[in-house]
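Structure first, then comments.
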There are 2 protein chains.
Amino acid sequence: MLDPVSRVRRFNRAVTSAVGALDTSFLGRGRPLGAARVLNAIGHGRSDVAEIRDYLGLDSGLMSRLLRNLEDEGLVETNAHEDDARRRVATLTRAGRREFAAYEALSNTQAEGFLAQHSQREALLAAMDMIASALTRERVTLDEMDPRSEEARYCLGEYYAELGRRFEQGFDVSLSRDPDAKDMRRPRGTFIVAISDTLPIGCVGLKGTDHGYAEIKRLWAAPAARGLRLGRRLMDAAEDAARGLGIKLLRLDTNSALAEAGQLYRRSGWSEIPRFNDDPYPDLFFEKHL
Amino acid sequence: MLDPVSRVRRFNRAVTSAVGALDTSFLGRGRPLGAARVLNAIGHGRSDVAEIRDYLGLDSGLMSRLLRNLEDEGLVETNAHEDDARRRVATLTRAGRREFAAYEALSNTQAEGFLAQHSQREALLAAMDMIASALTRERVTLDEMDPRSEEARYCLGEYYAELGRRFEQGFDVSLSRDPDAKDMRRPRGTFIVAISDTLPIGCVGLKGTDHGYAEIKRLWAAPAARGLRLGRRLMDAAEDAARGLGIKLLRLDTNSALAEAGQLYRRSGWSEIPRFNDDPYPDLFFEKHL
DNA sequence: CGCCATCTCTGACTAAAGTCAGAGATATGC
DNA sequence: GCATATCTCTGACTTTAGTCAGAGATGGCG
């Protein structure tokens with residue numbers, strides 16, 4: 001009945017009218033949409049005026065006026081930037097935080113209402129995650145982070161859970177050779193997290209060793225991010241980091257149950273080698289000269 | 001990391017900015033968005049001015065002016081309605097059709113571009129279908145249609161395909177008692193299709209018999225529509241139609257592999273009865289007095 | 001036919017968004 | 001230290017969207 005393009009366009013129509021409804025609901029607080037958007041951007045932690053302008057795609061004149069209105073309402077204060085007095089930094093006043101909280105409550109109620117009328121929540125949420133990731137694809141950032149950071153630990157948790165589902169015998173971290181966090185910090189290695197609009201959707205670790213090579217560990221892409229070629233991007237970033245650290249040889253181990261991963265390695269210049277450790281889980285071993 | 005509400009809101013953010021981009025791309029043709037929307041509504045077959053106004057949520061004055069602009073551009077012609085000279089009917093001129101085609105091409109290119117950058121098309125499309133159905137939930141219409149109509153045949157095809165996947169031994173329509181189309185037309189019975197923005201997403205047949213009861217057949221809800229309680233709505237509509245036809249007793253057969261269906265029947269007043277036909281596929285039989 | 005309802009159109013507004021040029025303050029590089 | 005770039009702000013617009021009241025034409029119905 002419907003070809004792929006028509007399906008995308010049906011989605012676009014549905015979403016366009018939903019976004020319209022969402023926007024008009026923000027008008028209920030007696031403030032034009034532009035001002036409400038600026039207030040919310042500040043509330044969500046964007047303080048640098050130029051950054052907000054950029055994020056919302058506003059002209060500098062318009063932005064300035066919207067800020068002025070919010071100041072007149074007593075919701076926002078602006079000050080010069082600490083390091084650069086040309087820039088301005090906006091913060092919410094007490095009243096501004098109250099007003100922002102009201103918008104937040106509105107948004108939350110709406111989201112809850114949408115979920116409540118659906119009886120297959122998890123499937124719906126997974127679909128939303130997938131689409132959100134696909135739509136924000138170009139804005140995914142790959143950030144080096146501490147392997148003990150909240151984001152990194154979240155990724156690792158999801159990664160272990162996935163291994164548990166994919167391996168017939170399950171997966172128990174304590175049996176695996178859990179890399180020491182300090183081996184995945186500079187200068188020995190690094191840990192990279194892919195972030196899509198505050199949500200971690202993938203990671204990879206570069207673990208330094210004392211054996212003349214570094215290892216790639218914990219390559220993971222969230223189910224919602226499959227299809228975005230995130231694995232490839234993460235591997236490229238890890239290899240770049242390795243080159244930057246002067247590393248000449250990389251190794252990794254994996255399991256043949258993770259077919260996509262194996263394919264990715266083979267396609268990007270890795271070659272299979274004999275087992276080089278005694279970890280019980282992996283059954284495939286690769287290396288790559290940089 | 002993320003609770004359900006945050007996930008919905010992440011989706012909202014992603015989609016809001018995507019819709020913004022989509023809208024502004026329509027501005028490329030030198031026409032304000034309002035006029036472009038009217039042109040496209042006409043191009044998509046909405047000709048009655050009041051209907052367009054209603055669909056786009058426009059004030060009558062605004063609508064009138066937008067139409068006038070399109071007429072001045074030579075893209076649209078309006079005439080009195082055949083049966084009611086107060087109403088106006090808008091049609092595209094030759095130039096209007098060209099312009100509409102340009103907008104269509106733009107939309108299609110965008111949709112294709114979005115799909116092209118993703119390597120898991122079918123999963124992505126399924127997610128979009130699901131969300132589009134959830135968002136347009138209140139606008140789903142249940143229409144009585146001929147069981148030989150294109151929409152009905154599409155639904156039945158999907159239904160059979162699903163049975164093929166769900167039954168261990170597969171499903172072959174020719175072995176099943178394929179109901180005669182005329183038994184699912186008034187006055188013997190009916191066939192109801194659920195339509196969400198032109199896409200059929202579910203169906204149910206009411207099949208008249210000469211044995212003192214009618215049968216419910218072919219209850220189907222598209223995978224993308226699961227969770228919308230569409231099965232319940234379709235059954236209610238079928239029962240209402242049966243009552244309208246003076247039918248006092250309904251029967252149906254189903255298979256225990258279709259667990260949700262069985263649950264639905266039990267929860268809505270149906271009681272299990274012994275086998276009443278020799279169809280090889282069903283293993284569960286129900287009836288309900290109206 | 002007359003009355004009232006319905007539909008479209010016009011005039012006269014307002015509000016919001018967006019544009020553009022230039023001024024003033026501050027940073028940066030040579 | 002000076003020229004140049006960057007950032008914000010103001011004034012002076014324009015465009016788009018939307019609102020409201022009322023006029024004019026037509027339809028439905030007793």
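Against the list (1) within 26 Å of A:Asp129 (Cβ to Cβ); (2) out of contact with any strand residue (DSSP E or B) (no Cβ under 9 Å at 6 or more places or on another chain); (3) not in a helix (DSSP H, G or I), the condition A:Gln263 fails is (3). Considering the range A:214-240 alone, what residues qualify as being more than 20 Å from A:Ala132 (Cβ to Cβ) and open to solvent by less than 30 Å² (accessible area, probe 1.4 Å)? If the condition is that a residue be more than 20 Å from A:Ala132 (Cβ to Cβ) and open to solvent by less than 30 Å² (accessible area, probe 1.4 Å), then A:Ala214, A:Glu215, A:Ile216, A:Lys217, A:Arg218, A:Met235, A:Ala237, A:Ala238, A:Glu239 are the ones that fit.
Find all pairs meeting these conditions: Cβ atoms under 6 angstrom apart; at least six residues apart or on different chains; first residue within the range A:46-67 and without any contact (Cβ under 8 Å) to a residue 12 or more places away in the chain; second residue within 12 Å of DNA strand C (Cβ to nearest atom) and in a helix (DSSP H, G or I). Cβ pairs passing all conditions: A:Arg53/A:Met63.
Any idea which residue in the range B:12-43 is farthest from the other protein chains (Cβ to nearest Cβ), counting only those that are touching a Leu at 6+ places or on another chain (Cβ under 6 Å) and within 8 Å of DNA strand D (Cβ to nearest atom)? Ranking the qualifying residues of the range B:12-43, first place goes to B:Ala35.
Of all the numbered requirements in (1) assigned to a helix (DSSP H, G or I); (2) surrounded by fewer than 16 Cβ atoms within 10 Å (Cβ to Cβ), A:Leu2 misses one, and that requirement is (1). Looking only at residues in the range B:60-90 that are within 16 Å of B:Ala36 (Cα to Cα) and among the charged types (D, E, K, R), the one that is farthest from DNA strand D (Cβ to nearest atom) is B:Glu77.
Looking for something of a type in the set (Val, Ile, Thr), open to solvent by less than 30 Å² (accessible area, probe 1.4 Å) and closer than 30 Å to A:Ile201 by Cα - is there at least one such residue anywhere in the range B:8-15?
Narrowing the range B:8-15 to residues of a type in the set (Val, Ile, Thr): B:8, B:15.
Checking which are open to solvent by less than 30 Å² (accessible area, probe 1.4 Å) leaves us with B:8, B:15.
Pick out the ones that are also closer than 30 Å to A:Ile201 by Cα and you get B:8, B:15.
Yes, that holds for at least one residue.
Picking from residues in the range A:54-81 that are surrounded by 15 or more Cβ atoms within 10 Å (Cβ to Cβ) and within 14 Å of chain B (Cβ to nearest Cβ), the one that is nearest to DNA strand C (Cβ to nearest atom) is A:Leu58. Scanning the range A:124-136 for residues that are open to solvent by 10 Å² or more (accessible area, probe 1.4 Å) and more than 7 Å from chain B (Cβ to nearest Cβ) gives a single hit, A:Ala126.
So, B:Arg31, is that one open to solvent by 60 Å² or more (accessible area, probe 1.4 Å) and in the same structural domain as B:Ala80 (by TED's automatic domain parsing) or not?
Values: open to solvent by 60 Å² or more (accessible area, probe 1.4 Å): no; in the same structural domain as B:Ala80 (by TED's automatic domain parsing): yes.
For B:Arg31, the condition - open to solvent by 60 Å² or more (accessible area, probe 1.4 Å) and in the same structural domain as B:Ala80 (by TED's automatic domain parsing) - is not met.
Yes or no: B:Arg46 exposed (fewer than 13 other Cβ atoms within 10 Å of the Cβ) and either near DNA strand C (Cβ under 10 Å from one of its atoms) or within 14 Å of chain A (Cβ to nearest Cβ) (or both)? If you could, list the steps in order and put the result at the bottom.
Details: exposed (fewer than 13 other Cβ atoms within 10 Å of the Cβ): no; either near DNA strand C (Cβ under 10 Å from one of its atoms) or within 14 Å of chain A (Cβ to nearest Cβ) (or both): yes.
Against the criterion (exposed (fewer than 13 other Cβ atoms within 10 Å of the Cβ) and either near DNA strand C (Cβ under 10 Å from one of its atoms) or within 14 Å of chain A (Cβ to nearest Cβ) (or both)), B:Arg46 does not qualify.
Among the residues making up the range B:185-217, those that are part of a loop (DSSP other than H, G, I, E, B) and not hydroxyl-bearing (Ser, Thr, Tyr) are B:Arg185, B:Arg186, B:Pro187, B:Arg188, B:Gly189, B:Asp197, B:Asp210, B:His211, B:Gly212. Residue pairs whose Cβ atoms lie under 6 Å apart, sitting 6 or more positions apart in sequence or on different chains, and linking a residue in the range B:84-97 that is open to solvent by 30 Å² or more (accessible area, probe 1.4 Å) to a partner that is of a type in the set (S, T, N, Q) and near DNA strand D (Cβ under 10 Å from one of its atoms), do not occur here.
The values are calculated or read from the model by the stated rules, or taken from the named source; none is laboratory data. Remember, it's a predicted structure, so these values are computed and weren't measured experimentally. Here the Cβ is made from the backbone with ideal geometry for all residues, glycine too, and neighbour counts use every protein chain on show. Remember, those area values only see protein heavy atoms, side chains included, never the ligands or the DNA or RNA. Shrake-Rupley method; radii C 1.70, N 1.55, O 1.52, S 1.80 Å.
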